[in-house]
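Okay, so here's the structure we're looking at.
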Amino acid sequence: MLNFIDAKHSEISNCQLNDIFFLRKKVFKDRLDWAVNCSNEIECDEYDNSNTTYLFGISDSKVICSLRLIDMKYPNMITGTFNSYFNQLVLPKGNYLESSRFFVDKIRSKSQVFAKYPISTLLFLSALNYAKINNYDGILTIVSLPMRKIMKRSGWQINTLAQGLSEKKKPIYLLKLPVDIKNQAILIDSVSKNNPFLKVDLKEWPISVYV
């Protein structure tokens, strides 16, 4: 069973939180070499706090993938760390979540059990379902060009609001991610294609799939 669940920073177990931080260090520092804060083989920053909710896929107590969500009314990477990477950011009005630190662990997700499953798209759907059930208008996120391509391949009808340059002078994009019924259906069709998922289950939150 692969379970996609959410937990607030104050509710998540230390074991799960440390696993997320450990995997984030492997992805964002060791593989991508981002300018992130690392110590004792984990990566975390000032946005990992009481305002944070983590979505993650877990199987047999092991985290497979994760992302971080923060209500836009609180300090977040768009209005904080990444703000200077854009000439001007005009954010949409409404009730939005900020998403960051999206990752899928390559080693764990490519095991024989998970290899045929669209883990990234399942995590996209998890974010959409979570935002939808909690009455948000959408999700805002800043991504690299490769990540934007991955999101577009899922079928999610993303809207690019602004383009900037990262600390490595690479293009980055502020995206608005819709969380309506139409886009939920698009992502469900995407993850259900060639996979024995029951579509009715994928409309719910949390999400559980058999592997």
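Just a few scattered comments:
- Extension gain, ASN3 to TRP34, is 8.3 nm, computed as 0.36 nm per intervening residue step minus the present C-alpha separation.
- Taking a span of 20 Å or more along the helix axis (Cα atoms) and a mean Kyte-Doolittle hydropathy of at least 1.0 as the rule, the DSSP H helices of the chain that qualify are 119-133.
- Convex hull volume of the Cα atoms of region 114-199, normalised per residue: 103 Å³.
- Considering all different alpha carbon pairs of the chain, the Kirkwood hydrodynamic radius works out to 17.4 Å.
- Placing a label point 7 Å from the Cα of THR79 along the Cα-to-Cβ direction, the residues of region 102-143 whose backbone N falls under 16 Å of that point are 137-142.
- Burial order of peptide ranges 7-17, 38-48, 99-109 (average beta-carbon count within 10 Å, highest first): 99-109, 38-48, 7-17
- Across LYS116/LYS176; LYS93/LYS116; LYS149/LYS203; LYS26/LYS182; LYS169/LYS203; LYS168/LYS203, pairs whose alpha-carbon gap is larger than 32 Å: LYS93/LYS116; LYS26/LYS182; LYS169/LYS203; LYS168/LYS203
- The chain - accessible surface per residue (Å², probe 1.4 Å): 51 Å²
- Of all accessible heavy-atom area on the chain, the percent that carbon and sulfur account for (1.4 Å): 50 percent
- Sorting 138-146, 190-198 by average packing, meaning the other beta carbons within 10 Å per residue, from highest down gives 138-146, 190-198.
- Site pair GLU41 and ILE133 shows an inter-label distance of 3.4 nm when each label is modelled 7 Å from Cα along Cα→Cβ.
- Computed about the Cα centre, the dipole magnitude for the chain is approximately 860 debye when only Lys and Arg (+1) and Asp and Glu (-1) carry charge, each at its Cβ.
- Measuring nothing but how far apart in sequence close Cα pairs (under 8 Å, 6+ apart) lie, relative to its length, the chain scores a relative contact order of 21 percent.
- Electrostatic tally near ASN40: other residues with Cβ closer than 15 Å to its Cβ, Lys and Arg +1, Asp and Glu -1, net -2.
- Placing unit charges on each Cβ (+1 for Lys and Arg, -1 for Asp and Glu) gives the chain a dipole about its Cα centre, and among THR81, PRO196, CYS15 the Cα reaching farthest toward its positive end belongs to PRO196.
The values are calculated or read from the model by the stated rules, or taken from the named source; none is laboratory data. Model, not experiment: these values are computed from the prediction. Here the Cβ is made from the backbone with ideal geometry for all residues, glycine too, and neighbour counts use every protein chain on show. Note: accessible area is taken over every heavy atom of the protein model, side chains too, but ligands, DNA and RNA are not part of it. Shrake-Rupley method; radii C 1.70, N 1.55, O 1.52, S 1.80 Å.
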